[in-house]
Every structure is written in structure tokens, then in C-alpha cells.
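For reference, the structure discussed in these notes is given below.
The values are calculated or read from the model by the stated rules, or taken from the named source; none is laboratory data. Source: prediction; values computed, not measured. Heads up, the Cβs are rebuilt from the backbone with ideal geometry, glycines too, and the neighbour counts pull from every protein chain shown.
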Amino acid sequence: MLKDTLQRFGVICQTDNTTKTINFAFFRDIVNNIPKALDWSTKCLDQGKTISFQLGGYAQVNYMKYKEDDNVLPNGFADSQISVKDTTLPASANLFESQFAPTLNRPWLGGTIAQITKIDTSTDANAADFSIGTQPRILIDEKRFVTTPVTFTDGGTTRILNNDFISVPYFYRDGLPEDNLRFNDLRLKYYPELEKILQQSKKVVRWLLLTPRDIMELDLLIPVYLQQDSCYYYINKIDSWRKGQPTKVELVKLG
């Protein structure tokens, strides 16, 4: 569930082996902190560097997919993709596939509500048993006040609960891209910075001489600037730090 959530909202994990911590952040947070960047130019050691112009397992077309469900058609209606203009990359790959399937809507009280069909009424209009298998779903829970309370009972005459606030779950709402779980809406909201980075990707591994204060005050949301490369980077990974010893640092170019 944690992995699915991180991927869905474009959250990145930055590891600090020194403090044994993992930091969660959006690329947008880091990019917005470029004016606060730390100048680490004087900390670079002349011990060479490793440069890669590819990040991770990206391809030319990177699919963001929901799990398929035979009862949700058309297949892929909630999927999206990130394209990278680099012909040296593989043609296509799944960036990630959610453990959940998408969900359709049906009309409800002047609006819409999630539709997860579990009862097959195609041959028996009075069928009441769950007979349709479905994949797990994830929905947005909207609480709505209703003037006519909904009454819950135990199936007899005993009133169990009167409720004037009810849940109206949904997967997407047309015309409301901010409140959707379709991957194209999520991509436009949470992934533009990553898409820009992938178009000109550059990962650099350098050896830096970091002081105890550097480590103590380290904020992985703050980029660093290296005059040697004339670039701003975000810190992707810091290997084991020891006082007075060179530290291997993995950096990814911003913009």
C-alpha cells in the first residue's frame, strides 16, 4: 500500500545512510528550493566522477497503469504514460502498475457515485448474491449531508442508526481534475517536474568531503550547487559518512 501511494502521487524517497533515515518528498518541493541551494563546490574532491544520462529503468514510453478488471471497460481508461525523447532507451516499459483497478461511475442524486457491480442480474433480475469477482479498488471518500437521514437496521423492525452524513465514494469526477484518481490527472498534477528531469536526465556520482555540520544540518529537500558542473542537483543518496573521509554522493541534475 505504501509503494502504491508513493507511486500514485509522485513521491520520491531519499536515503541517508548516515542517519539511517528515509525522506519522502515531491520533486516540486525540491525544485522550488533551488533559490536556497547550498554551494558545495569547495567540498568536491578531485577523485573523478561517474556520469550517467539515464535514470533507473525508464523507457521511451513509460506506462502508468491500473490493474485490469474484466468488469471495467474500456481497459486502460484510467491509465497514462510519460514519454522520454531518447531513442537509446527501450521502446516501452511499465513505470508502475497499481495493485488496484479503476472504477466506473453511475448516476446518483443529481451526481455520480462509484459503481462496483457484484451481483449478476443478467439472467435473474431478483438475484441478491454476490457472484461477480472484482479486483481491489481505491476510492475518494466524500462525506455529504443529506436532508433525509439514512436509516440502518438489523433487518427487522429495530432501528440501529440514523445517519444524516453519508459517504459518496468516487474514483473520478469529470470536470474536476484536482479530485481524480485517473493517472492522467495525477500525472499532470504531481509529475511535471519529473517529466522535465527525464527529458535531460543526468546522474552524477562524486566524492565530497563533508563536515560533521554538513551531515547534522543536512536537509534533503534543499538542492546543492556545484560550480564545477554549473548545475543544481538534488541529493539522491549519501553513502556511509565518516569524519574526515571522502563520502560518495549520488546527485541528480535539476532542470
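Worth a mention:
- Those residues of segment 205-221 which are touching a Phe, Trp or Tyr at 6+ places or on another chain (Cβ under 7 Å) and either part of a strand (DSSP E or B) or loosely packed, with under 15 Cβ neighbours inside 10 Å (or both), in sequence order: LEU208
- Checking each residue in segment 170-185 for being assigned to a helix (DSSP H, G or I) and surrounded by 18 or more Cβ atoms within 10 Å (Cβ to Cβ) picks out PHE183, ASP185.
- Contact map, segment 129-154: first residue surrounded by 11 or more Cβ atoms within 10 Å (Cβ to Cβ), second residue of a type in the set (Ser, Thr, Tyr) and not in a strand (DSSP E or B), Cβ cut-off under 9 Å, separation 6 or more or different chains; pairs are ILE132/THR117; THR134/THR117; GLN135/TYR66; ARG137/THR103; ILE138/SER98; ILE138/THR103; LEU139/THR103; ILE140/TYR172.
- Verdict on LEU251 being touching a Cys at 6+ places or on another chain (Cβ under 9 Å) and either modelled with pLDDT under 95 or surrounded by 15 or more Cβ atoms within 10 Å (Cβ to Cβ) (or both): yes
- Residue in segment 155-169 that is more than 30 Å from GLN245 (Cβ to Cβ), loosely packed, with under 12 Cβ neighbours inside 10 Å and of a type in the set (Phe, Trp, Tyr) present: yes
- Considering segment 22-45, the residues that are over 21 Å from the mean Cα position of the chain (by Cα) and assigned to a loop (DSSP other than H, G, I, E, B) include one that is surrounded by the fewest Cβ atoms within 10 Å (Cβ to Cβ), namely ALA37.
- Residue match in segment 86-93 (condition: modelled with pLDDT of 85 or more and in contact with a Leu (Cβ under 6 Å, 6 or more places away or on another chain)): no
- Only one of the listed residues (GLN99, GLN81) is within 30 Å of LYS196 (Cα to Cα), in contact (Cβ under 8 Å) with a residue 12 or more places away in the chain and in a loop (DSSP other than H, G, I, E, B). That residue is GLN99.
- Number of positions in segment 102-114 that are in a loop (DSSP other than H, G, I, E, B) and closer than 30 Å to ASP164 by Cβ: 3
- Of all residues in segment 68-78 being under 23 Å from the mean Cα position of the chain (by Cα) and charged (D, E, K, R), the one that is surrounded by the most Cβ atoms within 10 Å (Cβ to Cβ): ASP69
- Yes/no for LEU188 being closer than 30 Å to LEU104 by Cα and either of a type in the set (A, V, I, L, M) or in a helix (DSSP H, G or I) (or both): yes
- Qualifying residue in segment 122-134 (condition: at negative phi, touching a Leu at 6+ places or on another chain (Cβ under 9 Å) and in a loop (DSSP other than H, G, I, E, B)): no
- Taking the numbered list (1) within 30 Å of THR88 (Cβ to Cβ); (2) surrounded by 13 or more Cβ atoms within 10 Å (Cβ to Cβ) in turn, GLY57 passes all entries but (2).
- Selection within segment 46-67 - part of a strand (DSSP E or B), more than 17 Å from the chain's Cα centre (by Cα) and at pLDDT 90 or above: VAL61
- Residue count for segment 166-192, restricted to those that are at pLDDT below 90 and among the charged types (D, E, K, R): 4
- Residue identified as in a loop (DSSP other than H, G, I, E, B) and either under 19 Å from SER201 (Cβ atoms) or at pLDDT below 85 (or both) among THR19, THR117: THR19
- Taken over segment 107-128, the criterion of being surrounded by 12 or more Cβ atoms within 10 Å (Cβ to Cβ) and within 30 Å of THR5 (Cβ to Cβ) is satisfied by TRP108, GLY111, THR112, ILE113, ALA114, GLN115, ILE116, THR117.
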